[in-house]
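First comes the structure, then the notes that go with it.
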Amino acid sequence: MKFFYWFLTTVAFLEPTIGCTASQLESSTFTVKSKDNTSIAVECAGTGPTLLIVHGGIGDRTRWKPLFPLFARRFTVCAMDRRGHGGSAASADYGVQRGAEDVAAVVKSRGRPVFVLGHSIGGVCALEAALLTDNISKLVLYEPPLLDRNHDAVATKMENMVRVGEQEQALVTFLKDVVLMSPSEIARIKGQPSWSERVASVGKQIGEIRALDAYHFDEKRVRGLKIPTLLLTGGNTASRDLKLAINALMECLPNRALIVFQGQEHNAMDTVPQEFAYAVTKFLLDQE
């Protein structure tokens, strides 16, 4: 009986907007000026409270478009391009703080409290943005690489590859040596239409690796963050750094919950999109 109830709830939560695919769903794109006047591109669709999605290190907002139909019945779902990605302008002085200011600027532009979902480095920016603005009402973080890291050697190796025209191998090196993705997961990502665009933008990833190396996670500041936060992780995620970051957030966030996507790695939104969307939607819409 309990299983039947869960199944009905899942179907109700995940019915796509009038059967639309991502390409059929009407959306609007606009820009927001960040604190330093950098233009940040945002795309929104649907109706209801705003859910802002902040993408990870590779790609841009378009990697979240397949999930728009799953969210758009219950949210105004918005995906932003982090600076230097997609339609957002780049800047010479990129750092995690700049990324957090970009998220905060988009949040403030909505004019009312916003839900924010951040993946990977986008999760770091989302967490830091929650310390800059009171307009984030709930937070979802999927494996943010928070803890003190040192991937300078990998970044240098990638730079050397890019210098001799081996952009694809540089991206594979990032996925294998930094994210610690399995060969099967890397093969799956390489088979996606967006792979060539991800390869072309690998140079940005090198700068972000160094930005994360320079970032310091301040546990004392985070302990004061009272907003409800959902932590997401893959049961098969191999990166010890990502697992330790989730554990650290479980220890210091005062109002948090955890969901483990069994059998998944760092990209459950791609591999089990309905399960992913259901978990996020249920958390965001459940009443306190």
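Some observations on this one:
- Where the alpha-carbon atoms of the chain are placed on the principal axes, they occupy 56, 39, 39 Å, in descending order.
- Cα-based radius of gyration for the stretch 153-215, normalised by 2.2 N^0.38 Å, reads 1.07.
- For the stretch 182-222, the spread of Cα positions along each principal axis, largest first, Å: 42, 22, 15
- Here the spin labels are modelled as points 7 Å beyond Cα on the Cα-Cβ line, and at SER184 and GLN274 they lie 2.1 nm apart.
- Mean sequence separation of contacting Cα pairs (under 8 Å, at least six apart), scaled by the length of the chain, corresponds to a relative contact order of 17 percent.
- Site pair ASN150 and GLN262 shows an inter-label distance of 3.9 nm when each label is modelled 7 Å from Cα along Cα→Cβ.
- Span from the the stretch 163-201 Cα centroid across to the the stretch 64-109 one, whole angstrom: 22
- Total charge dipole magnitude, the chain, about the Cα centre, Cβ charges on Lys, Arg, Asp, Glu only, Debye to nearest 20: 480
- Among ALA90, ALA130, ALA268: highest mean-square fluctuation, GNM of the chain, C-alpha pairs under 10 Å: ALA90
- Ordering of 186-194, 137-145, 271-279, 77-85 by packing [mean C-beta count within 10 Å, highest first]: 77-85, 137-145, 271-279, 186-194
- Residues of the stretch 147-179 with an amide N closer than 19 Å to a point placed 7 Å from the Cα of MET250 along the Cα-to-Cβ direction: 147-148.
- Among ASP102, ASP177, ASP93, the largest mean-square fluctuation in a Gaussian network model of the chain, built with springs joining Cα atoms closer than 10 Å, belongs to ASP93.
- Computed FRET value (nearest 0.05) for SER196 with ASN236, which takes r as the C-beta separation and R₀ as 30 Å: 0.70
- Loop-resident GluC sites (Glu not before Pro) (DSSP state other than H, G, I, E or B) in the stretch 19-102 with no more than 15 further Cβ atoms inside 10 Å of their Cβ: GLU26.
All of the numbers you see were taken from the coordinates with simple rules; none came from a lab. Just so you know, these numbers come straight off a predicted model, no measurement behind them. Counting neighbours? That spans all protein chains shown, and the Cβs are built from the backbone with ideal geometry, glycine included.
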